[in-house]
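Visitor: Please find one structure pasted underneath; my questions will follow.
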Amino acid sequence: MIKKPYPPGQKRKRRSSSLSEYGKELKEKQKLKNWYGLKETQLKKYVKEILQKKGTVKDTGEELVKKLENRLDNVIFKLGFVQSRSQARQLVSHGYFLINLKENNIPSYRVKKGDRITIRSQKLKKKIFQNLVTYLKKHQLPSWLQLDKEKLEGKVIGMPTFKEAMPPAELSSIFEFYSR
């Protein structure tokens, strides 16, 4: 396939290759939003929360990554219980997981250090978890999570770091976008 420097059609043979500053910031925001499977209002809320604490927080980008990585749907994805963040979000909202043996169906719930995440025993029989044990043998966990593969129980033992998460977006441009 040949990619020409202009859009298809008869007339207009120009394609602007450079984005405006606003366009670049918007693109970075969309990358992060899609990476974590968030809605616009959710991401905006996280960013505004951090911008209000700007004097007390030394690195705003790292703080944003911590908030996004500590979401329950992301932790379940990182533990390897599911294949994608959107799948994790759906299963959490359908009540598949327990936190500290208590029912929780809120994907945006922020897990804390010491929280234990387990799959409900009734839900373990579902088709989605049939090959889970073999998948978990190959799965690499981040250093801030711990997994008991026999009990299928995850535990938060620390806080996520920016280097481990490595989001695909330039976080400073996201803060610039929302500070307008």
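The values are calculated or read from the model by the stated rules, or taken from the named source; none is laboratory data. These figures come from a predicted structure and were not determined experimentally. Cβ atoms come from the backbone with ideal geometry, glycine included; neighbour counts cover every protein chain shown.
Visitor: Residues of region 124-138 being surrounded by fewer than 16 Cβ atoms within 10 Å (Cβ to Cβ) and not aliphatic (A, V, I, L, M), which ones?
Guide: Listed by number, the residues that qualify are LYS125, LYS126, LYS127, GLN130, ASN131, THR134, TYR135, LYS137, LYS138.
Visitor: In region 139-164, which residues are closer than 30 Å to LEU26 by Cβ and crowded, with 18+ Cβ neighbours inside 10 Å? Break it down into steps so the answer makes sense when it comes.
Guide: Residues of region 139-164 that are closer than 30 Å to LEU26 by Cβ, as a first pass: 142, 159-164.
Listed by number, the list holds a single entry, PRO160.
Residue-wise test of (1) outside the structural domain of ASP148 (by TED's automatic domain parsing); (2) surrounded by fewer than 15 Cβ atoms within 10 Å (Cβ to Cβ); (3) of a type outside the set (S, T, N, Q).
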residue	(1), (2), (3)
LYS3	yes, yes, yes
GLY9	yes, yes, yes
GLU28	yes, no, yes
LYS33	yes, no, yes
GLU40	yes, yes, yes
GLN52	yes, yes, no
GLU62	yes, no, yes
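Visitor: Before we move on, is GLU21 closer than 22 Å to GLU69 by Cβ, of a type outside the set (S, T, N, Q), modelled with pLDDT of 75 or more and over 14 Å from the mean Cα position of the chain (by Cα)?
Guide: For GLU21, the condition - closer than 22 Å to GLU69 by Cβ, of a type outside the set (S, T, N, Q), modelled with pLDDT of 75 or more and over 14 Å from the mean Cα position of the chain (by Cα) - is not met.
Visitor: Going by what's in this entry, would TYR109 be described as at pLDDT 95 or above and either surrounded by 12 or more Cβ atoms within 10 Å (Cβ to Cβ) or among the small types (Gly, Ala, Ser) (or both)?
Guide: Answer is yes for this residue.
Visitor: Also: Kindly establish whether LYS113 is basic (Lys, Arg) and assigned to a loop (DSSP other than H, G, I, E, B).
Guide: Details: basic (Lys, Arg): yes; assigned to a loop (DSSP other than H, G, I, E, B): yes.
Yes.
Visitor: Another question about this same structure. Among (1) crowded, with 20+ Cβ neighbours inside 10 Å; (2) within 26 Å of GLU28 (Cα to Cα); (3) over 18 Å from the mean Cα position of the chain (by Cα), there is one condition THR56 misses while meeting the rest; what is its number?
Guide: In the conditions (1) crowded, with 20+ Cβ neighbours inside 10 Å; (2) within 26 Å of GLU28 (Cα to Cα); (3) over 18 Å from the mean Cα position of the chain (by Cα), THR56 misses (1) alone.
Visitor: Which residues, counting only those in region 88-106, are basic (Lys, Arg) and surrounded by fewer than 17 Cβ atoms within 10 Å (Cβ to Cβ)?
Guide: As a first pass, look at region 88-106 and keep what is basic (Lys, Arg): 89, 102.
The answer is LYS102, and nothing else.
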